[in-house]
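Q: Input: one structure, supplied below.
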Amino acid sequence: MLPQALTNVIEALGHLPGVGPRTAERYAYYLFKSNPRLSENIAETLEKLHSGVKSCPVTFALIDADEKMSPFYTDDGRDKTTVLVVEEPLDIYAIEQTKNYKGTYHVLGGAISPIDGVTPEQLHIGELIKRVNNDNVKEVIIATNPSVEGESTALYLEKILHEQNPNLKLTRLARGLPLGVDLSYADQITLSAALENRTKL
């Protein structure tokens, strides 16, 4: 019933995560009603997305296409002997906002998930092992997400890194109940982590 051009935009937007049919319709109609320059600007930026962004060959963080390596690795103020491991590139920026971490990063590119067909070989785990040796890494901080897949990935990393480097310090981000949250609203993984990481009073 809708014009084909509008339908095409709705279908395209519907491929985005978290965007259902109704939301896609609202977005598409909003773009139609807005100044055409807005749609043109979005189209131009999307067209340059893949050619303007690439992954760092060492950390696998996102960098500009004309950069060779991530500033998180090349910056002399960064401690290369400490590596914080995350699942996805955008996780880095959550850590950076704390302004409390001065080491480097390593992006796995996902988490182990047999159901989704993601195996350890598909992640950047081999590159992490090489970095530990090449940069004389003293500590690896595992910061995978608090999900079943994240926990499985963390356990696998702990096992393989310990086997390769018995003297390597392995740590994980502390997990537990956030301030201001009632116990009844906490999920099982968060409650389990809070119990395991309980502190002495």
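Quick note: the coordinates plus some simple rules give every number you see, no bench work behind them. Since the model is a prediction, treat every value here as computed from it, not as a measurement. Virtual Cβ from ideal backbone geometry, glycine too; neighbours counted across all protein chains shown.
Q: Give the stretch 57-98 a look and list any residue that's polar (S, T, N, Q) and either within 18 Å of I142 (Cβ to Cβ) or surrounded by fewer than 19 Cβ atoms within 10 Å (Cβ to Cβ) (or both), or say none. Walk me through it before giving the result.
A: Taking the stretch 57-98 as the starting set, the residues that turn out to be polar (S, T, N, Q) are 59, 70, 74, 81-82, 97-98.
Listed by number, the residues that qualify are T59, T74, T81, T82, Q97, T98.
Q: In the stretch 169-191, what residues are of a type in the set (G, A, S) and part of a loop (DSSP other than H, G, I, E, B)?
A: A174, G176, G180, A186
Q: Let me ask something else about it. Report whether or not K68 is closer than 22 Å to L173 by Cβ and among the basic types (K, R). Walk me through how you get there before you give the answer.
A: On the way: closer than 22 Å to L173 by Cβ: no; among the basic types (K, R): yes.
No: the conditions fail for K68.
Q: Still on this structure, I have one more. Need pairs with beta-carbon distance below 8 Å; first residue farther than 30 Å from I129 by Cβ and within the stretch 40-65, second assigned to a helix (DSSP H, G or I); sequence gap 6+ or separate chains.
A: Correct list of pairs: I42/L31.
Q: Here's another thing I want to ask about it. Does L90 satisfy being under 30 Å from N133 (Cβ atoms) and either touching a Ser or Thr at 6+ places or on another chain (Cβ under 8 Å) or among the aliphatic types (A, V, I, L, M) (or both)?
A: So L90 passes the test.
Q: Out of the residues in the stretch 99-121 meeting the condition of being surrounded by 15 or more Cβ atoms within 10 Å (Cβ to Cβ) and among the polar types (S, T, N, Q), tell me which one is nearest to N134 (Cα to Cα).
A: Per the criteria, the residue is T104.
Q: Return the residues of the stretch 81-104 that are closer than 15 Å to A174 by Cα and either part of a strand (DSSP E or B) or acidic (D, E) (or both); say none if nothing qualifies.
A: Selection gives L84, V85, V86.
Q: Can I ask one more? Please specify each residue of the stretch 47-63 satisfying the condition of being part of a loop (DSSP other than H, G, I, E, B) and basic (K, R).
A: Correct list: K48 only.
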